[in-house]
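This report concerns only the one structure given below.
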Amino acid sequence: MIPIHPSSQASGTWHYGVVAQWWYEFNREGPEIPYLQQLIPSTGQPVLDVGCGAGRLLVALAKAGFDADGADVSSDMLERCAQYARAEGVSPRLYAQAMHELALPRRYRTIYVCGTFGIGGRRDNDWEGLRRVYQHLEPGGTLVLDLHVHWREQKHWSYWLAENQAQLPEPQLPEWDPKPTSDGSALRLRARVMALDPVEQVITLHMLAERLRDGQLETAEAYTLSTCIYFRHELEMMLERVGFVDVALHGDHLHEPPTAKSKVLVFVARKP
């Protein structure tokens with residue numbers, strides 16, 4: 001049985017219940033997997049997946065033979081991760097800890113943070129998270145951290161304009177069709193923008209996660225999720241202030257520089 005170590009505190013996310021099932025059912029692939037598989041042989045092991053969720057990246061790396069652990073604030077996500085790992089015949093160590101509360105028994109050559117930095121909407125937690133990651137790296141170890149750029153999301157980006165602020169909060173959730181799952185239910189995740197503060201660089205969403213069975217609503221979970229928005233030079237300065245050096249930048253999980261068309265910026269930073 002894969003152990004799940006308890007968390008000392010929670011953090012403002014929506015990755016529980018129906019959402020955890022969604023990630024388990026529908027998120028198994030992604031360009032991060034080959035990117036990390038190519039990178040880690042040069043950066044080294046062991047590896048830590050911070051914000052591992054239901055195991056999309058962690059299980060793939062463990063199956064490929066890497067010595068990889070996972071941490072996530074959500075025990076629901078970790079239960080799904082353990083379920084996925086068992087089905088694939090691997091057993092990574094799992095820890096119920098947010099990035100800003102990392103206190104793990106080992107140090108790592110590579111730590112990656114994919115798709116989770118800024119979630120929770122508290123910059124003090126993000127700063128502490130970077131410090132904790134730095135502490136958990138061995139000397140010479142590498143942090144890999146990605147940011148999904150907001151200027152490629154046309155609707156959200158439009159709310160940075162003062163004349164569009166009056167359109168918020170968005171009046172209703174989008175009409176999306178449920179997706180069938182392996183247990184016979186169907187899941188639907190929907191979100192609407194409640195606020196975007198361009199001064200504080202924080203976007204707040206109202207999220208609704210629903211499970212339906214035989215066409216009838218079985219479970220509905222509502223969340224409010226705030227996320228801090230970061231830009232390239234801001235995050236580079238944060239990494240350097242924490243102590244990282246040799247910060248390199250890749251685009252879209254490719255081993256090449258980003259362009260204006262890149263949807264994701266990947267920061268690769270070294271601990272001296």
Order the peptides 92-103, 169-180 from the highest to the lowest mean number of other Cβ atoms within 10 Å of their residues. 92-103, 169-180
When 1/r is averaged over all different Cα pairs and the result inverted, which Kirkwood radius in Å belongs to region 153-227? 13.8
With the label point 7 Å along the Cα-to-beta-carbon line of residue 162 and a cut-off under 13 Å to each amide N, the hits in region 193-231 are 198-199
Surface/4 estimate of mean projected area, convex hull on alpha-carbon atoms of region 53-196, nm²: 11.3
Looking only at 153, 32, 163, which one moves most when the chain is put into a Gaussian network model with springs between Cα atoms under 10 Å? 163
Antiparallel as a % of all DSSP beta bridges within the chain, to the nearest 5? 70
Given unit charges at Cβ for Lys, Arg (+) and Asp, Glu (-), the dipole magnitude of region 153-272 about its Cα centre in debye, nearest 20, is 200
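May I ask you to sort 110, 224 by Cβ crowding, counting other Cβ atoms within 10 Å and putting the fewest first?
With the fewest neighbours first, 110, 224 line up as 224, 110.
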Given an 8 Å cut-off on Cα distances and at least 6 residues of separation, report the relative contact order of region 153-227 as a percent. 23
Let me know the charge dipole size of region 46-99 about its Cα centre in debye, to the nearest 20, where only the beta-carbon of Lys, Arg (+1) and Asp, Glu (-1) is charged. 120
Under the rule rounded for a/c under 1.5, else prolate if a/b exceeds b/c, else oblate, using alpha carbon gyration tensor axes a ≥ b ≥ c, the chain is classed as oblate
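Would you mind calculating the gained length between residue 246 and residue 176 on full extension (0.36 nm times residue separation, minus the Cα-Cα distance), in nm to one decimal?
Gain on extension, residue 246 to residue 176, equals 20.9 nm.
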XL table 63/155; 179/261; 155/261; Cα-Cα > 28 Å flagged, in table order, is 63/155; 179/261
Dipole size in debye (nearest 20) for region 186-245 around its Cα centre, Lys and Arg Cβ +1, Asp and Glu Cβ -1? 200
Dipole of the chain [Lys/Arg +1, Asp/Glu -1 at C-beta], most positive-end residue of 75, 206, 248: 248
Round to a whole angstrom and tell me the spacing of the C-alpha centers of region 65-93 and region 133-167. 26
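Each value in this text was obtained by applying a stated rule to the coordinates, not by laboratory testing. Keep in mind that what you see is a predicted model, and the values were worked out from it rather than measured. Every residue, glycine among them, receives a Cβ derived from its backbone with ideal geometry; neighbour counts consider all protein chains shown.
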